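Structure, as structure tokens:
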Amino acid sequence: MTLAAPSIAERLRRDLKLPVIVAPMFLVSTPKLLLESCKAGLIGSLPTQNARTTAQLREWFNEIRDELATFRAAGGKPGGWAASVLVHNSYDRFPEELEMLQEYQPDIVVTALGSPKRVLKEVHGYGGAVFADVMSLEHARKAADAGADGLVLVCHGAGGHTGANSPFAFVSEVRRFFKGTIVVGGAISDGRGVLAAEVLGADLVYMGTRFIACPETMINDDYRRMMIDARMDGVVATKSVTGVQCSWLKESLIAAGFDDSRIASTAKIDFSDVHGELKPWKNIYGAGQGVGQVDSAATTAEVAAQLIGEYREVSAELMARARA
Ligand SMILES: Cc1cc2nc3c(=O)[nH]c(=O)nc-3n(C[C@H](O)[C@H](O)[C@H](O)COP(=O)(O)O)c2cc1C
């Protein structure tokens, strides 16, 4: 492990108001969502492929850098920020994006759909940490062996590319062989869930679905309405849309013409043209089982404040119970 990893982990523990990464979400996350998350004392993030071009990604990174500098100059203490990057071989923007990551230096680079090895040297070179998004024990071991500073364990119930494992089993097993930062995600949508994840042995929580309806995201009104209306049974996990197991709002799948037999099928995997032919994320909407906690289009700051309040309340409740 390099010197960079413990320093990032220590800084995050010290500075965060809540141990939460507002998770990267394709065609949902924006620089504004990232910045508002940071300002609220959480870790904001962005998948690089949300920018239509690398020129737009540069504009976004400039906005993030400038606004965080202004916030700090005014005495604010931002949580931190992360960029997630596709390391799959079919993603042809990777080399250019890697150069930009070195230039703009997010605190954390999360690698998705491939080995974290592809970014380790460069990110450690500027003092950042590399977290690998993993969905199986095998991938967790491989990423740990490759030298990742953190593992993001995406568990059952997560929105977007979802996992099949129970967080109870996954966190405990990974803890047996991994000493770095463990992030756990999957249907964690309230402060109680964040505390529960810490009790399980995780250091941070990956929370996506809870923030989708916030006005700072790039979703349309139809998607926002479905998020507010849906409850847990309004999401379905299937490989039929992208070829990878993903969790979607059932109402949007039905509206796009999916019937039961198509939902049971498997589509071909292809990340070569994420803004061209890959329409699913535009009219078929991703969400996880934690959707039931979304009742309004509250702002990121309001959602963060609610989560922090819930977390503190439940912590106090548990401490009182332990004393009694
Ligand atoms: C609409 C949507 C899009 C997502 N897109 C991405 C993505 O582009 N890259 C990625 O690594 N994870 C993506 N995810 C997964 C999230 O980063 C995270 O693992 C998940 O949201 C955590 O579970 P939760 O939604 O139940 O909180 C997406 C999730 C959702 C809901």
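Of all residues in region 14-37, how many are of a type in the set (Lys, Arg), out of contact with any helix residue (DSSP H, G or I) (no Cβ under 6 Å at 6 or more places or on another chain) and closer than 17 Å to Ala304 by Cα?
The initial filter retains those residues of region 14-37 that are of a type in the set (Lys, Arg), namely 14, 17, 32.
Those still in the list that are out of contact with any helix residue (DSSP H, G or I) (no Cβ under 6 Å at 6 or more places or on another chain) too: 14, 32.
Checking which are closer than 17 Å to Ala304 by Cα leaves us with 32.
So the count comes out to 1.
Would you confirm whether or not region 127-146 contains a residue that is more than 21 Å from Ala202 (Cβ to Cβ) and in contact with a helix residue (DSSP H, G or I) (Cβ under 6 Å, 6 or more places away or on another chain)? Please lay out each step first, then the result.
Restricting attention to region 127-146, the residues satisfying the condition of being more than 21 Å from Ala202 (Cβ to Cβ) are 127.
Still in the running and in contact with a helix residue (DSSP H, G or I) (Cβ under 6 Å, 6 or more places away or on another chain): 127.
Yes.
Identify the single condition in (1) farther than 29 Å from Thr238 by Cα; (2) touching a residue at least 12 places away in the same chain (Cβ under 8 Å); (3) more than 16 Å from the ligand (Cβ to nearest atom) that Leu137 does not satisfy, given that it satisfies every other one.
(1)
Could you check how many residues of region 277-299 are within 14 Å of the ligand (Cβ to nearest atom), touching a residue at least 40 places away in the same chain (Cβ under 8 Å) and open to solvent by less than 60 Å² (accessible area, probe 1.4 Å)?
10
Restricting to region 127-170, name every residue that is among the hydrophobic types (A, V, I, L, M, F, W, C), surrounded by fewer than 24 Cβ atoms within 10 Å (Cβ to Cβ) and more than 22 Å from Tyr285 (Cα to Cα).
Leu137, Ala140, Ala144, Ala146, Phe168, Ala169
Taking Gly114 as the residue in question, decide whether it is open to solvent by 10 Å² or more (accessible area, probe 1.4 Å) and outside any helix (DSSP H, G or I). Give the derivation first.
Values: open to solvent by 10 Å² or more (accessible area, probe 1.4 Å): yes; outside any helix (DSSP H, G or I): yes.
Yes; evaluated as a whole, the condition is true for this residue.
Pairs under 7 Å by beta carbon, first residue small (Gly, Ala, Ser) and open to solvent by 10 Å² or more (accessible area, probe 1.4 Å) in region 206-223, partner more than 13 Å from the ligand (Cβ to nearest atom) and assigned to a helix (DSSP H, G or I), six or more apart or different chains?
Between residues of region 206-223 that are small (Gly, Ala, Ser) and open to solvent by 10 Å² or more (accessible area, probe 1.4 Å) and residues that are more than 13 Å from the ligand (Cβ to nearest atom) and assigned to a helix (DSSP H, G or I), there is no close pair.
The values are calculated or read from the model by the stated rules, or taken from the named source; none is laboratory data. If you're wondering where the values come from, they're calculated on a predicted model, not measured in any experiment. Glycine also receives a Cβ, built like all others from the backbone with ideal geometry; neighbour counts cover every protein chain displayed. The area values use the complete protein model at the heavy-atom level, side chains included, leaving out ligands, DNA and RNA. Shrake-Rupley method; radii C 1.70, N 1.55, O 1.52, S 1.80 Å.
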